[in-house]
Structures are given as C-alpha cells and as structure tokens.
Amino acid sequence: MDSTDCRGSATKGPSVTPARTRTVTATDAALGVDRDLAVEVRADAPRQGVCIEVPFPGAMEVVDGSLSGACAHFEARPGLALIYVDTLSPGRSEFRFRLRPQYSGDFLVLPARAWLMYDPHVFGSTAPTRQIVAPR
C-alpha cells in the first residue's frame with residue numbers, strides 16, 4: 001500500500017502515516033470480511049503523553065481484542081479509535097487493529113491525527129481518504 005508521511009509541526013511534531021492513506025480507485029473492503037488497519041507514527045525524539053486519533057467509516061466496527069502495538073489505553077468508538085501512548089520512542093511505531101464492515105457504500109474518512117496531550121500544538125496528521133465497502 002502506498003503511504004504518505006504528513007507532518008504537523010515543522011521541527012518537533014510526531015508524524016502519522018496510516019497504511020490506508022491513498023487514493024482508492026477500486027473496491028477496498030468487502031461487506032462482512034475483516035480487514036486490518038495499520039497506523040504508523042514517527043517521532044523525532046522521545047515523546048510523552050501521545051494521543052493518536054484514527055477515524056474509520058461509520059459502517060465498520062473494531063473487532064474486540066484485535067489491537068497490536070504497545071499502548072497505555074485503546075478506545076473504540078463508532079467511527080473512531082483512540083490510542084493513548086505514555087512514551088513514544090524515537091523512530092517508527094506501528095499500531096494495528098481489525099475492522100469489520102457492517103454496511104456497503106462509498107465513505108469519506110477523516111484524517112488520522114497524533115498529538116502531544118500536554119502540548120497540543122505539537123501534532124501530525126494525514127489527508128482525508130476514501131473507503132469503498134462492496135456488497136458481498
């Protein structure tokens with residue numbers, strides 16, 4: 001999958017690179033077939049108190065217990081996953097979870113974002129994406 005590294009703060013912010021950041025030209029998911037969503041976050045230095053917000057189409061739900069990646073807390077809401085990390089090490093960190101499509105359609109997905117909870121001016125985000133869920 002093509003990915004885009006989008007930076008927030010020019011010199012000190014974490015960057016977020018969801019593996020799903022790409023232009024979708026064909027069916028990307030099928031109704032009832034689970035798919036992985038991977039989010040890559042890069043930090044230039046150790047970062048404390050990082051929140052990673054990962055929107056996904058409201059027609060999908062997070063599969064319970066599917067998160068991989070070291071985090072302090074994971075919260076699944078309708079159309080949104082929140083990943084809280086106490087300490088983000090310099091370099092690349094990947095978080096992955098499974099989604100289960102419940103409805104077919106063509107959806108706009110809001111940008112994924114990562115920011116420092118105690119300094120929200122330090123952040124990174126992606127561009128919005130398009131997600132197609134095909135009927136079975």
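The values are calculated or read from the model by the stated rules, or taken from the named source; none is laboratory data. Only a predicted model underlies this, so the values are computations on that prediction, with no experimental measurement involved. When we count neighbours, we look across all protein chains shown, and the Cβ atoms used for this are built from the backbone with ideal geometry, even at glycine.
Find the residue count for the range 121-136, including only residues that are modelled with pLDDT under 85, of a type in the set (K, R) and part of a strand (DSSP E or B).
0
Of the numbered conditions (1) surrounded by 19 or more Cβ atoms within 10 Å (Cβ to Cβ); (2) over 14 Å from the mean Cα position of the chain (by Cα), P135 satisfies every one except a single condition; which is it?
Going through the list (1) surrounded by 19 or more Cβ atoms within 10 Å (Cβ to Cβ); (2) over 14 Å from the mean Cα position of the chain (by Cα), P135 breaks only (1).
Checking A70 against (1) free of Cβ contacts under 8 Å to residues at least 60 places away in the same chain; (2) in contact with a Pro (Cβ under 9 Å, 6 or more places away or on another chain); (3) of a type in the set (G, A, S), which test does it fail?
The single condition A70 does not satisfy is (2).
Hey, can you tell me all the residues within the range 46-94 that are exposed (fewer than 14 other Cβ atoms within 10 Å of the Cβ), in a strand (DSSP E or B) and of a type in the set (S, T, N, Q)?
Q48, S68, T87
Among the listed residues G32, G65, which satisfies the condition of being over 12 Å from the mean Cα position of the chain (by Cα) and in contact (Cβ under 8 Å) with a residue 40 or more places away in the chain?
Residue meeting the stated conditions: G32.
Collect the residues in the range 114-126 that are surrounded by 14 or more Cβ atoms within 10 Å (Cβ to Cβ) and farther than 11 Å from V50 by Cβ, keeping them in residue-number order.
S125, T126
In this structure, is P57 at pLDDT below 90 and in contact with a strand residue (DSSP E or B) (Cβ under 9 Å, 6 or more places away or on another chain)?
It is true that P57 is at pLDDT below 90 and in contact with a strand residue (DSSP E or B) (Cβ under 9 Å, 6 or more places away or on another chain).
Using beta carbons and a limit of 7 Å, which pairs, at least six apart or on different chains, have the first residue in the range 84-107 and over 18 Å from P57 (Cβ atoms) and modelled with pLDDT of 90 or more and the second one basic (K, R) and surrounded by 13 or more Cβ atoms within 10 Å (Cβ to Cβ)?
Correct list of pairs: L88/R47.
Test each condition in (1) surrounded by 14 or more Cβ atoms within 10 Å (Cβ to Cβ); (2) modelled with pLDDT of 90 or more; (3) not in a strand (DSSP E or B) for K12 and report the one that comes out false.
(2)
Restrict the check to the range 110-118 and report whether at least one residue is basic (K, R), under 16 Å from the mean Cα position of the chain (by Cα), within 15 Å of D34 (Cα to Cα) and not in a loop (DSSP other than H, G, I, E, B).
Checked against the condition, which is being basic (K, R), under 16 Å from the mean Cα position of the chain (by Cα), within 15 Å of D34 (Cα to Cα) and not in a loop (DSSP other than H, G, I, E, B), the range 110-118 yields no hits at all.
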